[in-house]
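*Asks:* Before I ask anything, let me first share the structure, which is written out below as structure tokens.
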Amino acid sequence: MSLPIDPRQFDPEDIGEVQTTLEMDHEAAVEHVRDVFTDAGFGVATEFSPSELLNEKVDAGRDPYYVLGACNPNVADRALDASDKRLGGLFPCNVVIWEEEPGVQRVYHVSIMRIARLVGMAPDDEAMADIIADTGELVDEAFENL
């Protein structure tokens with residue numbers, strides 16, 4: 001099966017990809033990222049450790065990997081309206097923290113708002129552009145403070 005689009009055609013900016021590294025242990029990085037995103041206006045709706053789950057269930061031997069499901073309620077509400085509720089299939093906005101090596105953590109995020117527009121789950125109109133801009137500002141603020 002081939003994809004209907006070539007993912008290589010997208011620039012990281014097209015999908016709102018942002019990332020950075022933190023020089024601290026994994027647990028401290030998770031706490032720091034949670035605090036910074038909360039300060040930027042996100043709530044953490046859900047969180048879990050895929051590495052712990054996979055290591056327990058299938059003995060995967062994965063290094064620490066953690067997902068924070070961040071959500072700004074005002075933006076999420078607007079996005080549901082703009083997308084005829086379909087964007088909820090991508091909620092929440094995930095921020096991922098994984099250990100690259102002991103003492104070095106990667107923090108990674110892609111914009112579900114941008115991706116939803118690219119794949120047709122959200123309209124390519126001014127209302128969605130405003131939502132994307134607002135979310136982008138919040139994420140940028142958080143990453144500047146990491």
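*Asks:* What is the set of long-range amide H partners of residue 145 at a cut-off below 5 Å, with H atoms built 1.01 Å from backbone N?
*Replies:* Correct list: empty.
*Asks:* Could you calculate the contour length gain from residue 38 to residue 101, that is, 0.36 nm times the residue separation minus the distance between their Cα atoms, to one decimal place in nm?
*Replies:* Details: separation 63, 0.36 × 63 = 22.68 nm, distance 2.60 nm.
Length gained between residue 38 and residue 101: 20.1 nm.
*Asks:* Taking a ≥ b ≥ c as the square roots of the eigenvalues of the Cα gyration tensor of region 96-146, is the shape rounded (a/c under 1.5), prolate (a/b larger than b/c) or oblate?
*Replies:* Working: a/c = 6.74, a/b = 2.06, b/c = 3.26.
In terms of gyration-tensor shape, oblate.
*Asks:* Residue 133 versus residue 5, label points 7 Å from Cα toward the beta carbon: distance in nm?
*Replies:* Taking the simple label geometry, residue 133 and residue 5 are separated by 2.2 nm.
*Asks:* For the chain, what does the relative contact order come out to in percent, with C-alpha contacts under 8 Å and a separation of six or more?
*Replies:* On the way: 223 pairs, mean separation 44.5, N = 146.
This gives 30 percent for the chain.
*Asks:* Evaluate 2.2 N^0.38 Å with N set to the residue count of region 1-133, then give the Cα radius of gyration divided by it. The partial results should precede the final answer.
*Replies:* Values: Rg = 16.3 Å, N = 133, 2.2 N^0.38 = 14.1 Å.
Normalised by 2.2 N^0.38 Å, the Cα Rg of region 1-133 equals 1.15.
*Asks:* With every protein chain present, what accessible area does residue 100 have (1.4 Å probe, heavy atoms only), rounded to the nearest 10 Å²?
*Replies:* 80 Å²
*Asks:* I've got another one for you. Taking the Cα-to-Cβ direction at residue 77 and at residue 144 and moving 7 Å from each Cα, how far apart do the two end points lie in nm?
*Replies:* Label-label distance for residue 77 and residue 144, simple model: 2.6 nm.
*Asks:* Show log10 I(q)/I(0) for region 13-78 at q = 0.17, 0.25 Å⁻¹, two decimals, from a solvent-free Debye sum over equal Cα scatterers.
*Replies:* At q = 0.17, 0.25 Å⁻¹ the computed log10 ratios are -0.77, -1.16.
*Asks:* To continue, here is another question. Roughly speaking, to the nearest percent, how much of the chain's 1.4 Å accessible area is carbon and sulfur? Numbers along the way, then the final one.
*Replies:* Working: 4130 of 8560 Å².
Result for the chain: 48 percent of the exposed heavy-atom area is carbon or sulfur.
*Asks:* Now for a different question. Among 89, 143, 128, which residue has its Cα furthest toward the positive end of the charge dipole of the chain, with +1 on Lys/Arg Cβ and -1 on Asp/Glu Cβ?
*Replies:* 89
The values are calculated or read from the model by the stated rules, or taken from the named source; none is laboratory data. The model shown is predicted, which means the values in this text are computed figures rather than measured ones. Quick reminder, even Gly has a Cβ in these numbers, built from the backbone with ideal geometry, and neighbours come from all protein chains shown. With ligands, DNA and RNA removed, areas are computed over all heavy atoms of the protein, side chains included. Shrake-Rupley method; radii C 1.70, N 1.55, O 1.52, S 1.80 Å.
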